[in-house]
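The values are calculated or read from the model by the stated rules, or taken from the named source; none is laboratory data. Note that the structure is a prediction, hence the values are computed from the model and not measured. We place every Cβ from the backbone using ideal geometry, glycine too, and count neighbours over all the protein chains shown. These area figures cover heavy atoms from the full protein model, side chains too; ligands, DNA and RNA do not enter into them. Shrake-Rupley method; radii C 1.70, N 1.55, O 1.52, S 1.80 Å.
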Amino acid sequence: MPTLHLFSTPGDRDIRWVIDACRPYLADKDEPTVAFLPQASLNVNHWLDYTTRSFEKLARVELIDTERMDLPKMESIIRKAQVAYISGGNTFLLNHRLHISGLMPYLRKKVQSGLPVVGFSAGMVVCGPNILTSSDMNSVEANRFDGLAVSPFNFYPHYGDDVFQDDWLSEYHSFHDNPVIMLSDGAYVKVDGKKTTLVHGGAWVLRKDEEKIKVDEGEAIVP
């Protein structure tokens, strides 16, 4: 069953919330390892040093590089990891790289089998059935839009509770029926199997042919 820790933003000008979410899966392990998937960034090495330093004394950070590694190597890193960390950036680029590298099916299988995922922004959006609620530019000309599908919800990060975003997101339901969770910056949603809960921050749910509903902290969100 999927275990997801999903954030609109990773911390207060840092990645402290990401670290805190990963910590329980790494503590007391002989060789704690984080599989780091920064495929939403143009340069996957850009945040590697910072991320490695942030996890110092807690875990070893193993970079997944979909453009330079073969599939067996990437699968090996994920197989040994206690948690997968998917960072933010351009959601279309992230999804495109996961698909063209062939990693998407294996990652999906591992997450469905219980590999914990901690993701923010694009790393949150990719966990839904598709990435069509991303506000990013499809500059990579991605032609695959199906996500990891480890949650029945679509996600929208950096939500500002305004009419423009509401109108734009409502167009999604002209073609799709599943609900959309919109998270303001600082919000955190946790998924334990079939249970989705707002841990903290501001979040709303938009369902087809309904007005959006604000979610209370600690409230379970029903599809």
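Residues in the range 105-150 that are closer than 14 Å to ARG79 by Cα and hydrophobic (A, V, I, L, M, F, W, C): LEU107, VAL111, LEU115, VAL117. Selection of the range 97-130 for residues being among the charged types (D, E, K, R) and either farther than 28 Å from ASP14 by Cα or without any contact (Cβ under 8 Å) to a residue 24 or more places away in the chain (or both) yields only LYS109. Counting only helices (runs of 4 or more DSSP H) that fall entirely inside the range 82-141 and contain at least 3 residues that are buried (at least 24 other Cβ atoms within 10 Å of the Cβ), the qualifying elements are 91-100, 122-125.
Using the structure shown, decide if VAL150 is touching a residue at least 40 places away in the same chain (Cβ under 8 Å) and under 16 Å from ASN95 (Cβ atoms). It is true that VAL150 is touching a residue at least 40 places away in the same chain (Cβ under 8 Å) and under 16 Å from ASN95 (Cβ atoms). Any chance the range 60-80 includes a residue that's open to solvent by 20 Å² or more (accessible area, probe 1.4 Å), in contact with a strand residue (DSSP E or B) (Cβ under 6 Å, 6 or more places away or on another chain) and within 19 Å of PHE155 (Cβ to Cβ)? No: the range 60-80 contains no residue that is open to solvent by 20 Å² or more (accessible area, probe 1.4 Å), in contact with a strand residue (DSSP E or B) (Cβ under 6 Å, 6 or more places away or on another chain) and within 19 Å of PHE155 (Cβ to Cβ). On the given criteria, is GLN39 under 22 Å from VAL140 (Cβ atoms), touching a Leu at 6+ places or on another chain (Cβ under 7 Å) and not hydrophobic (A, V, I, L, M, F, W, C)? Spelling it out, GLN39 is indeed under 22 Å from VAL140 (Cβ atoms), touching a Leu at 6+ places or on another chain (Cβ under 7 Å) and not hydrophobic (A, V, I, L, M, F, W, C).
One line per residue, one yes/no per condition, for (1) open to solvent by 50 Å² or more (accessible area, probe 1.4 Å); (2) more than 19 Å from ALA220 (Cα to Cα); (3) in contact with a helix residue (DSSP H, G or I) (Cβ under 6 Å, 6 or more places away or on another chain); (4) charged (D, E, K, R):
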residue: VAL163; (1), (2), (3), (4): yes, yes, no, no
residue: SER174; (1), (2), (3), (4): yes, yes, no, no
residue: ASN178; (1), (2), (3), (4): no, no, no, no
residue: HIS200; (1), (2), (3), (4): yes, no, no, no
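Restricted to the range 41-59, and to residues there that are open to solvent by 90 Å² or more (accessible area, probe 1.4 Å) and assigned to a helix (DSSP H, G or I), the residue that is nearest to ASP28 (Cα to Cα) is ARG53. I need a count of the residues in the range 11-40 that are open to solvent by 20 Å² or more (accessible area, probe 1.4 Å) and part of a loop (DSSP other than H, G, I, E, B). Residues flagged as open to solvent by 20 Å² or more (accessible area, probe 1.4 Å) and part of a loop (DSSP other than H, G, I, E, B) within the range 11-40 amount to 9.
Could you please find all residues in the range 8-57 being closer than 17 Å to ASN90 by Cα and among the small types (Gly, Ala, Ser)? SER8, ALA40, SER41 - these are the residues of the range 8-57 that are closer than 17 Å to ASN90 by Cα and among the small types (Gly, Ala, Ser). Within the range 5-22, the presence of at least one residue that is out of contact with any helix residue (DSSP H, G or I) (no Cβ under 7 Å at 6 or more places or on another chain), more than 23 Å from ASN130 (Cβ to Cβ) and of a type in the set (Lys, Arg) is confirmed.
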